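Student: One structure is given below, represented as structure tokens, and several questions about it will come after.
The values are calculated or read from the model by the stated rules, or taken from the named source; none is laboratory data. None of these values were measured; they are calculated from a predicted model. FYI the Cβ positions are ideal-geometry reconstructions off the backbone, even for glycines, and counts take in every protein chain you see. Just so you know, the surface numbers come from the protein's heavy atoms only, side chains and all, with ligands and any DNA or RNA stripped out. Shrake-Rupley method; radii C 1.70, N 1.55, O 1.52, S 1.80 Å.
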Amino acid sequence: MPFHPSQSEGVRFPGHDIDMVRMKLRRARGSAERILLRVGLPLALLSGIYVAGRRAIGDWYFRKGSPASMQTALKWDRDNPQYYDALGTVTHFYGITGKLSESVQFCETATRLSPYDAHFWSDLGAAYDWAGRSNDALSAFHRALRLFPNSPEINWRFANFAFRIRKTPEALRALQIVLAGNSPAHRDVFRLALGATRDDRAILEMLPFQASVFFDYLDFELEAGNLMAAEQVWLRLLQLKLPFDLRQAFPYLEALIRHREVDSLVAAWSALAGRFPGQISPLVTDSNLVANGSFEHDILNGGLDWRIVPVEGAVVGLDSQDAFEGTRALRIEFNGKHNLDYGHVFQYVAVQPKMRYRFSAAIRVQGIATDSGPRFQLFDAFDLGSLFQSTENMVGTSGWFSQQLEFETNADTRLLIVRVARPPSNKLDNQISGTAWIDRVSLIPEN
């Protein structure tokens, strides 16, 4: 049966049969020429069919991916630069020859056949680098970057090379393009730059003006425990006035809380309040230190706003019916199936040590069962075992009731937790049901 290229998929051509296949193709071509000329088809068309067949066979071998099959592909399609470029790479990695010059020659041929392909020049730069020809490698990489200046892949390869030959400014400029290209591997870029420079400020200057990249680097520094570097990233982000989503800043604020950097926390929250006035209520309203104390803004679940932690047995939401003041109050519904140890609505509040404060909140309840109902508790955020104060336990049903506390902070207290709590009941009938509404929560310094 005559051979047709379309039947090549799944057919194996042993290397020692190549000459025989060629001979058969030549014979078939000669026979086809004679037949087709009789029916008047041009020889040029026949020649095109023949060339296409050879290329199809070459592609079949190339897709097998081994060095030997690529070599065979070249015998069928000697002018395909892709084959030379791939062979330049695989002969090096597979260690097919002990001479790096052969890998270089393959890559050089690829660029000669396709001089405007940036990736071929990048591969040639890598081959020169493997062979220890740094100057030639630099020239090849520069040629690749002139052809495709914004390629993340080529800039990444060049940056690795440039750091090795101590061209740090060029390397950092290349990494800036990698970061600007929306590559998912930002942490790899940060690790490379930091390992090569040990200079946080140089990396900060390298970052493209994209808020997402700044936050990725900020998180990278936080994970490394480098809070000072993270703060510099934050300040630079604010200075540049880059647009971002409010919640992107929350991991930084959480880190400031963990590290007890209360002054930086307050400064960062104030900056966010200025940036997002429609989402953050002013930090101080009529001297009230509680943010969004009347729940007129949506709850942000981060920073110095209210946080709601979901828990089975209680549902929390905002209620626009019968608020104590304004248009909304916070509603907590208990389903009567759990003896909850509840403290899942809370807010961090920055305070001063050795200062007197007055806390107040409005609360009403409906159908609160068990002897232990909702109340407010105030803790030192860094000493949760030390309860400052607790308001009156609310059970049964009642209208709006204003609760108040007065206290003085300790000498080392800088941050409070204000929370809605319900300790578990010790009674037999201990599963809490009913609803509580909260409004106008405030903490005001008295001196």
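Student: Accessible surface of Asp188 in the full protein assembly, 1.4 angstrom probe, to the nearest 10 Å²?
Tutor: Number for this one is 70 Å².
Student: To continue, here is another question. Find out how many positive minus negative residues lie around Leu405, taking Lys and Arg as positive, Asp and Glu as negative, among other residues whose Cβ is under 15 Å from that of Leu405.
Tutor: 0
Student: Name the trypsin sites (Lys or Arg not before Pro) in the stretch 187-241 that are in a loop by DSSP and that have at most 10 other C-beta atoms within 10 Å, would you?
Tutor: Arg198, Lys241
Student: Quick check: from the Cα gyration tensor, does the stretch 197-286 come out rounded (a/c under 1.5), prolate or oblate?
Tutor: It is oblate, given that a/c is not under 1.5 and a/b is not larger than b/c.
Student: So what does His119 come to for accessible area, using a 1.4 Å probe and Å² rounded to 10?
Tutor: Surface open to solvent at His119 totals about 60 Å².
Student: Fully extended, how many nm does the chain gain between Asp322 and Phe401 (0.36 nm per residue separation, minus their Cα-Cα distance)?
Tutor: 27.1 nm
Student: Using a/c under 1.5 as the rounded threshold, could you call the stretch 320-447 rounded, prolate or oblate? The axes a ≥ b ≥ c are square roots of the C-alpha gyration tensor eigenvalues, and prolate needs a/b larger than b/c, oblate otherwise.
Tutor: oblate
Student: What net charge is computed for the residues neighbouring Ala350, neighbours being all others with C-beta under 9 Å from the C-beta of Ala350, Lys and Arg scored +1, Asp and Glu -1?
Tutor: Surrounding charge for Ala350 is 0.
Student: Same structure again: Which of the three applies to the stretch 137-200, rounded, prolate or oblate, going by the alpha-carbon gyration tensor with a ≥ b ≥ c and a/c under 1.5 meaning rounded?
Tutor: Oblate, because a/c is 1.5 or more while a/b does not exceed b/c.
Student: Sequence-distant or interchain residues sharing an amide H contact under 5 Å with Phe401, placed H: which?
Tutor: Those lying under 5 Å, H to H, from Phe401 are Ile363, Arg364.
Student: Against the globular-protein guess of 2.2 N^0.38 Å, express the Cα radius of gyration of the stretch 208-258 as a ratio, rounded to two decimals.
Tutor: 1.02
Student: In square angstrom, rounded to the nearest 10, how much accessible surface does Met355 have for a 1.4 Å probe?
Tutor: Accessible area, nearest 10 Å²: 50 Å².
Student: What residues qualify as long-range amide H neighbours of Asn292, i.e. H under 5 Å apart, gap of 5 or more or another chain, H built at 1.01 Å from N?
Tutor: Ser281
Student: Once label points are set 7 Å from the Cα along Cα→Cβ at both Asn301 and Phe250, what is their separation, rounded to one decimal in nm?
Tutor: With each label point 7 Å from Cα toward Cβ, the separation is 0.6 nm.
Student: For Lys167, list the aspartates and glutamates whose Cα falls under 13 Å from its own Cα; do not include residues on the same chain fewer than 8 positions away.
Tutor: Lys167 reaches no qualifying aspartates and glutamates.
Student: For Gln105 and Asn410, compute 0.36 nm times the residue count separating them, minus their Cα-Cα distance, and round to one decimal in nm.
Tutor: 102.2 nm
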